[in-house]
């Protein structure tokens, strides 16, 4: 009786954007993968794919997983939830077809696969069905505070990671209650984020970073940013360690 083939699922963290920050283990997984899957907005290129494109092989099968909706509908709307849930179910089955055929599938994820990464939606649907490995990546926030040379926390400082999609009230409350913060998913939420930081007394400490570790990277004090334009993947950093030499209030 022939054994049933089972492939291997690998979540690959591609890091914050600079291809040189890809880990050796991630590079090896890409060299071995039969299939490389990646998420992207329909009509747009995949940022994760762009980071590792130089490592693609001619014999590698590419599997784009294209979101049916991103920011066009509010994330709390029933239509958004229904569409995105169906999308992840269908994407998982597309990946499962390759895994069932005995192929190794590497699913790319910007930053780390299990930190705000779309890969995790495949992981929870497939990891119990197929051999699975997750290869961690350098997170965007780590890349950003390293790019700006901003010491973020030390000693007993508390670091809070916040999605900019939260309500203004909740952002303000949590910012007021922490020593340091990273605000992700900025985009059109920047005006709200700016107001929350000001209300929490932390606007003067906030640093805006766009495309950290990538060509064209931009960073500045948020209070000095002249407009509220920002890509979704921009980050706002609020450093702790208030007693450090040279720290500004």
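The values are calculated or read from the model by the stated rules, or taken from the named source; none is laboratory data. Computed from a prediction, not measured in an experiment: that's the story for all the values here. Every residue, glycine among them, receives a Cβ derived from its backbone with ideal geometry; neighbour counts consider all protein chains shown.
Listed values, structure above:
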{"item": "Subset tally (residues that are in a loop (DSSP other than H, G, I, E, B) and either at pLDDT 95 or above or over 19 Å from the mean Cα position of the chain (by Cα) (or both)) for the stretch 199-211", "result": "3"}
{"item": "Criterion (in a loop (DSSP other than H, G, I, E, B) and either in contact with a strand residue (DSSP E or B) (Cβ under 8 Å, 6 or more places away or on another chain) or at pLDDT 95 or above (or both)) met by exactly one of 237, 150, 171", "result": "150"}
{"item": "Test: residue in the stretch 174-181 that is under 21 Å from the mean Cα position of the chain (by Cα) and either over 30 Å from residue 41 (Cβ atoms) or loosely packed, with under 14 Cβ neighbours inside 10 Å (or both)", "result": "yes"}
{"item": "The stretch 51-86: number of residues that are at pLDDT 95 or above and part of a helix (DSSP H, G or I)", "result": "5"}
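To keep it simple, each residue is scored yes or no on (1) more than 22 Å from residue 17 (Cα to Cα); (2) at pLDDT 95 or above; (3) touching a helix residue (DSSP H, G or I) at 6+ places or on another chain (Cβ under 8 Å).
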{"position": "138", "(1), (2), (3)": "no, yes, yes"}
{"position": "141", "(1), (2), (3)": "no, yes, no"}
{"position": "160", "(1), (2), (3)": "yes, yes, yes"}
{"position": "175", "(1), (2), (3)": "yes, yes, yes"}
{"position": "217", "(1), (2), (3)": "no, no, yes"}
{"position": "224", "(1), (2), (3)": "yes, yes, no"}
{"position": "227", "(1), (2), (3)": "yes, yes, no"}
{"position": "233", "(1), (2), (3)": "no, no, yes"}
{"position": "244", "(1), (2), (3)": "yes, no, no"}
